[in-house]
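Since the structure comes first, as structure tokens, the remarks are kept for the end.
The values are calculated or read from the model by the stated rules, or taken from the named source; none is laboratory data. This is a predicted model, so every value here is computed, not measured. Here the Cβ positions follow ideal geometry from the backbone for every residue, glycine too, while neighbour counts run over all protein chains shown.
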Amino acid sequence: MDVILLGPPGAGKGTQAKFMVDRWNIPQVSTGDILRAAVREGTGLGVEARGFMDRGELVPDRVVIGIIAERLKEDDATGGFILDGFPRTLPQAEALESILTDLDRNIDHVVSIEVDEEELVDRLTGRRMCKGCGESFHVLFNPPQNEGVCDRCGGGLYQRDDDKEGTIRQRLNVYRDQTSPLIAFYREKGSLREIDGSGNIQDISARIEQVLTGTE
Ligand code: AP5
Ligand code: MG
Ligand code: ZN
């Protein structure tokens, strides 16, 4: 099963991807997580990406397309994958089509998670992320059992540099201008599955499960 999670910053892509990894035993491929790891390790990729990420802008298409072309060839992705945060521009979506054609596969579902803008800001300003596994928590909406510690892997939690209100607004603008056209792109292809992303995390997981198993 090859799935894309589409949605604005804070929609819950990362949160729902973790549930889907457990449910379907396929990997989460998050360009944001890959880029943050590169920044942390100080690799060439990280040095190139950091300024864009800190400003809330997109990293150039050529860079993220290269990451995905390599990642989707790995062994753990042969049975399917969950793309979280890619594609985010039309050129990325077109590049993905050709990467998948070369691998003789195609996207089964594009799950578009929809949430109001003010709620997105509240979700992002209270978010805490795990350094170890990338799991998202929220100080009010989804607190960890022990403050500052990941429930899943025991890693330390931190606040992302781009989760400041000014940068959040910029990321939302970038989403509106550059990423939201993908909704029409995938609707035309017949693969778009729209999900109401408001409400509690388990209810949204159940909605995604219904859509992916065709039991809506
Ligand atoms: P990326 O890491 O992908 O960030 P994003 O798209 O801005 O999305 P987020 O991770 O902020 O949100 P999410 O939907 O995963 O929400 P989450 O589940 O954490 O990208 C970061 C940067 O990297 C980009 O700005 C760009 O520079 C670069 N980049 C990455 N991919 C790129 C690409 N393809 N091309 C170019 N550049 C790229 O949830 C958010 C919060 O809400 C959490 O606190 C969570 O606990 C809480 N929450 C979740 N669900 C609920 C709920 N139902 N109710 C209440 N709270 C909830
Ligand atoms: Mg995320
Ligand atoms: Zn963790």
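I'd like to know if the range 50-73 contains one or more residues that are within 16 Å of ligand 3 (Cβ to nearest atom) and at pLDDT 95 or above. Before the answer, list the steps.
Let us first name the residues in the range 50-73 that are within 16 Å of ligand 3 (Cβ to nearest atom), namely none.
No, because not a single residue in the range 50-73 is within 16 Å of ligand 3 (Cβ to nearest atom) and at pLDDT 95 or above.
Would you point out the residue of the range 116-157, among those that are away from ligand 3 (no atom under 11 Å from the Cβ) and over 19 Å from residue 11 (Cα atoms), that is surrounded by the fewest Cβ atoms within 10 Å (Cβ to Cβ)? Among residues in the range 116-157 that are away from ligand 3 (no atom under 11 Å from the Cβ) and over 19 Å from residue 11 (Cα atoms), the one surrounded by the fewest Cβ atoms within 10 Å (Cβ to Cβ) is 145.
The conditions of being of a type outside the set (A, V, I, L, M), farther than 20 Å from residue 174 by Cβ and either within 16 Å of ligand 2 (Cβ to nearest atom) or at pLDDT 95 or above (or both) are not met by residue 31.
Here is the figure for the range 1-21: residues that are more than 9 Å from ligand 2 (Cβ to nearest atom), out of contact with any Gly (no Cβ under 7 Å at 6 or more places or on another chain) and either among the charged types (D, E, K, R) or part of a helix (DSSP H, G or I) (or both) total 5. Among the residues of the range 19-33, those identified as closer than 23 Å to residue 73 by Cβ and either of a type in the set (Lys, Arg) or within 16 Å of ligand 3 (Cβ to nearest atom) (or both) are 21, 27, 28, 30, 32, 33. Is one or more of the residues making up the range 9-19 touching a Phe, Trp or Tyr at 6+ places or on another chain (Cβ under 8 Å), over 19 Å from residue 150 (Cα atoms) and either more than 7 Å from ligand 1 (Cβ to nearest atom) or at pLDDT 95 or above (or both)? Yes. State whether the residues of the range 22-37 include one that is within 11 Å of ligand 1 (Cβ to nearest atom), part of a helix (DSSP H, G or I), in contact (Cβ under 8 Å) with a residue 40 or more places away in the chain and among the small types (Gly, Ala, Ser). Looking for residues that are within 11 Å of ligand 1 (Cβ to nearest atom), part of a helix (DSSP H, G or I), in contact (Cβ under 8 Å) with a residue 40 or more places away in the chain and among the small types (Gly, Ala, Ser), one finds at least one in the range 22-37, hence yes.
What is the residue count in the range 109-139 for residues that are in contact with a strand residue (DSSP E or B) (Cβ under 8 Å, 6 or more places away or on another chain), under 26 Å from residue 210 (Cα atoms) and at pLDDT below 95?
Taking the range 109-139 and keeping what is in contact with a strand residue (DSSP E or B) (Cβ under 8 Å, 6 or more places away or on another chain), we get 109-114, 123, 126-132, 134-139.
Filter once more, so that each one left must be under 26 Å from residue 210 (Cα atoms): 109-114, 123, 134-138.
Next cut, at pLDDT below 95 only: 134-136.
So the count comes out to 3.
Residue-wise test of (1) of a type in the set (A, V, I, L, M, F, W, C); (2) surrounded by fewer than 16 Cβ atoms within 10 Å (Cβ to Cβ).
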site	(1), (2)
44	no, yes
60	no, yes
69	yes, yes
79	no, yes
89	no, no
93	yes, no
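For residue 94, the conditions (1) near ligand 1 (Cβ under 10 Å from one of its atoms); (2) out of contact with any Lys or Arg (no Cβ under 9 Å at 6 or more places or on another chain); (3) more than 21 Å from residue 132 (Cα to Cα) all hold with the exception of (1).
Determine whether the range 48-62 contains at least one residue that is in contact with a helix residue (DSSP H, G or I) (Cβ under 7 Å, 6 or more places away or on another chain), under 16 Å from residue 171 (Cβ atoms), among the charged types (D, E, K, R) and part of a strand (DSSP E or B). For the range 48-62, residues in contact with a helix residue (DSSP H, G or I) (Cβ under 7 Å, 6 or more places away or on another chain), under 16 Å from residue 171 (Cβ atoms), among the charged types (D, E, K, R) and part of a strand (DSSP E or B): absent.
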